[in-house]
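What follows is a set of notes on a single structure, which appears directly below.
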Amino acid sequence: MLPPLRPTLILALISLCLAFEAAARELKFITIDVAPWAWRESGREWGVFPELVREMERRTGHAIRVSLEPFARVERELETGTQDCTIIIWDEARTAIVHRGAEVSPHVMGVIARRGIPLRRYDDLRPLTISVLRGAPIEPFFDVDQGLRKDFDTSYSIGLWKVARGRADAVAGAVTTIRHLAEREGLAEELGDELVLRQVPLVLQCSRRSPHLDLMPELNRVVEQMVADGTVASIKKKHGF
């Protein structure tokens, strides 16, 4: 039979539990709703982002709620402080609304043309109608190039179906994501040449209006650990990145 706990030990254990509860926070992370990065199915979030966040949650002890939204909604939620943090492509223009954190991984941005349309160099884009995700930066020169015909859409899926139906010639954005969506929607055979425009970093970013900015150094350390120990690479590989 174990001896009874002393009152001083009981008080110490209670204090320890209370300190842990005080230290743990409830955070809100948001990202774009697009597979394989993140999607919702059967009442649960799946993909690279939810897995990264679940691992961050495990390592920090903080409860993290995940929201998946269209790209434009992500920036609005961060600007108002409704959401605390995200992991998305870095854009210098976003420094007004977020603090830049640790880099998670590189991400390839480019343009994928309809099968049969040659795409070897930038000038091959000139005669094309290109579906572009509204509000998403792709490459600085491309983003401001008034000589290109761009259709601004709210999702890559819309762009892919435009290509399939001959209403667009190409889709611009995150090439791995675009090809993954094409596979899921049975449109992979519609796509052909790919022109890489740049590599950009996926970065942890936290709203300047978040009440939990004091946790950012801790979140950065955890992301850096996950990169260093191969966790990020393993999760990305699992989902085809």
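The values are calculated or read from the model by the stated rules, or taken from the named source; none is laboratory data. Predicted, not measured: the structure shown is a model, and the values here were computed from it. Positions of Cβ are generated from backbone atoms using ideal geometry, with glycine treated the same way; all protein chains shown enter the neighbour counts.
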- Query: Do we find a residue being more than 28 Å from R58 (Cα to Cα) and surrounded by fewer than 15 Cβ atoms within 10 Å (Cβ to Cβ) anywhere in segment 204-227?
  - Reply: no
- Is it true that some residue in segment 203-222 is part of a strand (DSSP E or B), at pLDDT below 95, closer than 30 Å to D151 by Cα and touching a strand residue (DSSP E or B) at 6+ places or on another chain (Cβ under 8 Å)? no
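Checking the condition closer than 23 Å to V232 by Cα and surrounded by 14 or more Cβ atoms within 10 Å (Cβ to Cβ), which residue from L197, L181 passes?
L181
With respect to I89, determine if the residue is out of contact with any Lys or Arg (no Cβ under 9 Å at 6 or more places or on another chain), crowded, with 19+ Cβ neighbours inside 10 Å, of a type outside the set (S, T, Y) and touching a residue at least 12 places away in the same chain (Cβ under 8 Å).
When the stated conditions are applied, I89 passes them.
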- Please enumerate the residues belonging to segment 200-241 that are farther than 12 Å from I87 by Cβ, within 15 Å of the chain's Cα centre (by Cα) and of a type in the set (A, V, I, L, M). V200, A233
- Query: If you go through segment 37-53 one residue at a time, how many are under 20 Å from W90 (Cβ atoms) and either in a strand (DSSP E or B) or in contact (Cβ under 8 Å) with a residue 60 or more places away in the chain (or both)?
  - Reply: 5
- Restricting attention to segment 111-157, which residues are crowded, with 18+ Cβ neighbours inside 10 Å and either assigned to a helix (DSSP H, G or I) or touching a His at 6+ places or on another chain (Cβ under 7 Å) (or both)? L125, F142, Y156, S157
- Message: Which pairs turn up if I take residues in segment 211-228 that are more than 20 Å from L78 (Cβ to Cβ) and look for partners that are crowded, with 17+ Cβ neighbours inside 10 Å and of a type in the set (V, I, T) with beta carbon separation below 7 Å, at least 6 apart in sequence or on another chain?
- Response: M226/V232; V227/V104
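Any residue at all in segment 73-82 that's assigned to a strand (DSSP E or B), surrounded by 15 or more Cβ atoms within 10 Å (Cβ to Cβ) and on the phi < 0 side of the Ramachandran plot?
The answer is no; no qualifying residue exists.
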